[in-house]
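The values are calculated or read from the model by the stated rules, or taken from the named source; none is laboratory data. Computed from a predicted model, the values in this text were never measured in an experiment. Note that we place each Cβ from the backbone using ideal geometry, even for glycine, and neighbour counts take in every protein chain shown.
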Amino acid sequence: MHKGFTIWFTGLSGAGKSTVSEIVYAQLKEAGAKVELLDGDVVRTHLSKGLGFSKEDRDINVRRIGFVCELLSRNGVIAIAAAISPYRAVREEVRATIPNFVEVYVHCPIEVLAERDVKGLYKKALAGEIASFTGVSDPYEAPANPEVSIDSSKEAIYDSVAKVFAKLKELDLL
């Protein structure tokens, strides 16, 4: 058995939040844990449909994800959120509502993200063709003190996953 808690993956688009969080989810599920994954793209399609990308809409989106994570955690479920969540103050606001909150910062330099980007969004944003693109023409505020830091440009995916599990064990959450 485990207690409910939240693992919150934050970082720029394409940094690897979804990839790492999906593996963490699968391994927890395989171990018999009650776990749910809230991926930012999926949440925007369902829970936050109709929201745009203004600061206010982004904050509303993060608060909605946080509300669901708090609800799940309070009921003994491990909630995993993987969302850009660009503003530190709103992430800290969400952290304050969830007793066992583990922030995972997935970092990757813009140059590497642009190289990885099959859709070419970073190149367009860097050329000024996309307005309000997080990390390029819109701010991304990195966490001040995340529980786990991952550099996806230098770490193998399973090494990053192992770092997350090591921290969960260290915090006595698993």
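Quick notes on this one:
- Residue list for the stretch 101-116, filter: crowded, with 16+ Cβ neighbours inside 10 Å and either in a loop (DSSP other than H, G, I, E, B) or of a type in the set (Phe, Trp, Tyr) (or both): Phe101, Tyr105, Cys108
- Within the stretch 61-81, residues that are farther than 11 Å from Ile7 by Cβ and among the acidic types (Asp, Glu) have Cβ atoms under 6 Å from residues that are at pLDDT 95 or above and not in a loop (DSSP other than H, G, I, E, B) in these pairs: Glu70/Thr97, counting only partners at least 6 apart in sequence or on another chain.
- Scanning the stretch 145-174 for residues that are of a type in the set (Asp, Glu), in a loop (DSSP other than H, G, I, E, B) and touching a residue at least 40 places away in the same chain (Cβ under 8 Å) returns a single hit, Glu147.
- Residue match in the stretch 119-140 (condition: more than 18 Å from Gly11 (Cβ to Cβ), touching a helix residue (DSSP H, G or I) at 6+ places or on another chain (Cβ under 7 Å) and part of a loop (DSSP other than H, G, I, E, B)): yes
- Residue match in the stretch 21-38 (condition: among the charged types (D, E, K, R) and exposed (fewer than 14 other Cβ atoms within 10 Å of the Cβ)): yes
- Among the candidates Ile80, Ile60, Ile65, the residue that is farther than 14 Å from Leu12 by Cα, in contact with a Phe, Trp or Tyr (Cβ under 7 Å, 6 or more places away or on another chain) and not small (Gly, Ala, Ser) is uniquely Ile80.
- Residues that are more than 13 Å from the chain's Cα centre (by Cα) and within 20 Å of Ser21 (Cβ to Cβ), drawn from the stretch 123-140: Thr134, Gly135
- Listed conditions (1) within 18 Å of Arg95 (Cα to Cα); (2) at pLDDT 95 or above are all met by Asp39, apart from (2).
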